[in-house]
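These notes are about the structure you will find just below.
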Amino acid sequence: MSIAIEADNLVKSYITRLKSGFLRRKKRVLEALKGVSFTVNYGEIFGLLGPNGAGKTTTIKILATLLLPDGGRARVAGYDVVNEAEKVRDSIGVTLTVEKGFFWKLTGRENLKYFGMLRGLSGSRLDERVDYLLEMLELKRLGASDRFYEEYSLGMKARLCLARALLTDPPILMLDEPTLGLDPPSAREIRNLLTSLADEGKAVLVTTHNMFEAELICDRIAIIDDGRIIATGRVEDLKRRVSNRIAVKIFVSNPNFGDLARLEGIVGKVGFGVDDTGRAYIRFTCEPGSEDRVIADIIKFLGETNIRVFRVDVEEPTLEDVFISLTGRTGES
Amino acid sequence: MVNWTHILRAQIFSIKCWYKNNRWMLISTFVWPYLMVGTLFGVGLTLGSIDEYARKVGVANPALYLLASSVVAMSSIYIMYSITGFILQNRWIGTLPYIFLSPVKAHTIMIFSGLPDAVLSPALTTTAILPAAIYFEGVTGAWRILIILLIIILGMLPLMGLSVIIASLLLILKEESNVMGSIIPFMLLVSGVYYPLEVLPRILQLISRAVPTTYVIEATKIVSTYLIPEARLLMTALYMIGLLTLGYNLMAASAIAKLDRIIKYRGAL
């Protein structure tokens, strides 16, 4: 897989001024990025996961050439973001925030045409592309193509944002919180679309603080906190880092605890319990990757002892567990 | 490859859509010079006579002169606002970063984004007073208005460089509304739109020599007063416009790369 985005030790500080009197302002240096490095490959969705203020948007803005880094280097589509900014911009589609960024008194179609012209599209090629995107993102079906942007719902705005990012069919997408504030069906549709875009071979960089979403769509994740990348890898690998055991719960009927005690010979230490609905269960832990074999052995054993199995729950650590374990905080903080 | 023509075309398209979707805006553009002159006449008549005004300001037709002055004043505002206001408005509605994501140099966007509006708005306001010019002076009046429009467009050239510098400063200072709110009224004050520059304090008179609109208004006055001996002054005004065009645009060209870097370094987009 070839590399689409390469960030190497990016550093960025902002100078802010806090009011300290009627006319006086105190200077404060805010270190937004303290050496961020990661790579994104073509054909994958890479999630930059972190709480608000962690440095996600700053990273996207540097990669999109809207902001100059103080230190470090970054290449997008093989081009340097500082010295070859125009070529970088020619290779990317960007969304920064879904709730604004269009002209209120222009329709969705007119807005897309305007931004398409700024990207060098014109004539029938522009018309066809705009038409295709309105169709693909279902704005046509929703009757929103020729409605003023000011009349759009948040879900429609998010779709239009994505349509703009796809105007030139760029090989690389950088999306800052693309589903923020969307209702669950709209968020799901956007997620499905991102997955299909990655399947087409595009590199998709997504920032989010939504653990569920990151876990659902991202092939790889970088956890960013306080301007530093604290972990990078596949979701499963990150989970393994914080927990080397997987918990399994098997719900059963007519348990014979004498027989069940013999399970310890198969899986080691076994716990028994009853849930809120009165259903009995067996709980044990096993090595990640061995759960299928262990569960099969236990089900075979239970079958031999005439204990009926109702349900099997495999409790993996969530991405939130990973995040809390690495940062000591929840993703919302 | 994307270039300045794409930026121009996109802006023309957005202006076309804006007027198509806001018809009242278009209507008011045509009506306001008359409302302005009506108000000025109303106030003026309570203080003195029209003849007195014509004699003191040195114009043959006060009505036409005031209409032309209104057009020049509004055009100057439009031109300044088209380029600096472009930054301001787009930052407020969140479109600025997406415009700057166009794969061209940032200063190409700054120069060419405001240009169509800067030409179209004066053209529309000038067209608005065309019926009055024809009513007062027939075909000659119409020609005179067209010459005024040409002078306005000429006067726009130095304002372009000046506006790009101001637009960059707006982005860097992040105090857009304060800066804009001060610059435009000040420029109108020192350019002698509605009264002779001679009534201003000496220091403001000196400053006015560096303001491009001053020469646009002088040239407009000369054209609307029709005085042959003043033709030499008209040439002087046009010459000054040319000089300021060179000065401000050279200044902008030398500063723009540095300003672009500062804007992106500070995260102003």
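The values are calculated or read from the model by the stated rules, or taken from the named source; none is laboratory data. In this text, all values refer to a predicted model and were calculated from it rather than measured experimentally. Please note: Cβ atoms are built from the backbone with ideal geometry, for glycine as well, and neighbour counts cover all protein chains shown. The area values use the complete protein model at the heavy-atom level, side chains included, leaving out ligands, DNA and RNA. Shrake-Rupley method; radii C 1.70, N 1.55, O 1.52, S 1.80 Å.
Some points to look at:
- Simple label model, 7 Å out from Cα along Cβ direction - residue A:147 to residue B:186, nm: 4.6 nm
- Solvent-accessible area per residue for chain A (1.4 angstrom probe, square angstrom): 46 Å²
- The calculated pair-distance distribution of the stretch A:1-81 uses every alpha carbon pair, bins of 10 angstrom beginning at 0, and gives 17, 43, 24, 10, 5, 1 percent.
- Debye log10 I(q)/I(0) at q = 0.12, 0.13, 0.16 Å⁻¹ for the stretch B:4-266, Cα point scatterers: -0.75, -0.87, -1.26
- Atom-type composition of the exposed protein surface of the protein assembly as shown places 59 percent of the accessible area on carbon and sulfur (1.4 angstrom probe).
- Farthest toward positive dipole pole in chain B [+1 Lys/Arg, -1 Asp/Glu at C-beta], among B:240, B:88, B:22: B:88
- Relative contact order (%) - the stretch B:4-266, alpha-carbon pairs under 8 angstrom, separation at least six: 25 percent
- Semi-axes of the equivalent ellipsoid for the stretch A:197-333, computed as √(5λ) from the eigenvalues of its C-alpha gyration tensor and ordered from largest down, come to 37, 16, 14 Å.
- When the helices of chain B are scored as -39500 (n - 2.57) per DSSP H run of n ≥ 4 and the total is divided over every residue, the value at 222 nm lands at -28500 deg cm²/dmol.
- Going from the isolated chain to the complete set of protein chains, the stretch A:113-130 loses at least 40 Å² of heavy-atom accessible area (1.4 Å probe) at A:114, A:117, A:118, A:119.
- Cα convex hull volume per residue for the stretch A:117-263 (Å³): 197 Å³
- More than 26 angstrom apart: percent of Cα pairs within chain A: 59 percent
- Taking each DSSP H run with n ≥ 4 as -39500 (n - 2.57) and averaging over every residue of chain A yields -9500 deg cm²/dmol at 222 nm.
- Local electrostatic count at residue A:71 - Lys and Arg +1, Asp and Glu -1, tallied over other residues with Cβ under 13 Å: 0
- Gain upon complete extension [residue A:254, residue A:287; 0.36 nm per residue less C-alpha separation]: 9.1 nm
- Over all orientations, the stretch A:116-163 has a Cα convex hull whose mean projected area works out to 3.4 square nanometres.
- Placing unit charges on the Cβ atoms only, positive for Lys and Arg and negative for Asp and Glu, gives chain B a dipole magnitude near 740 debye about its Cα centre.
- Averaging 1/r across all pairs of distinct Cα atoms in the protein assembly as shown and inverting the result yields a Kirkwood radius of 28.5 Å.
- Overall, the protein assembly as shown carries a charge dipole of about 1700 debye about its Cα centre when +1 sits on the Cβ of Lys and Arg and -1 on the Cβ of Asp and Glu, all other atoms neutral.
- Along each principal axis, taking the top coordinate minus the bottom one, the Cα set of the stretch B:102-217 gives 49, 43, 20 Å in descending order.
- Over 22 Å (Cα to Cα) - which of A:100/B:105; A:26/B:258; A:34/B:105; B:16/B:105; A:12/B:264; A:61/A:100 fall in this group: A:100/B:105; A:26/B:258; A:34/B:105; B:16/B:105
- Using a probe of 1.4 Å, the accessible surface attributed to residue A:216 totals some 100 Å² when neighbouring protein chains are kept in position.
- Percent RCO, i.e. relative contact order, over the stretch B:77-123, from Cα pairs under 8 Å lying at least 6 residues apart: 63 percent
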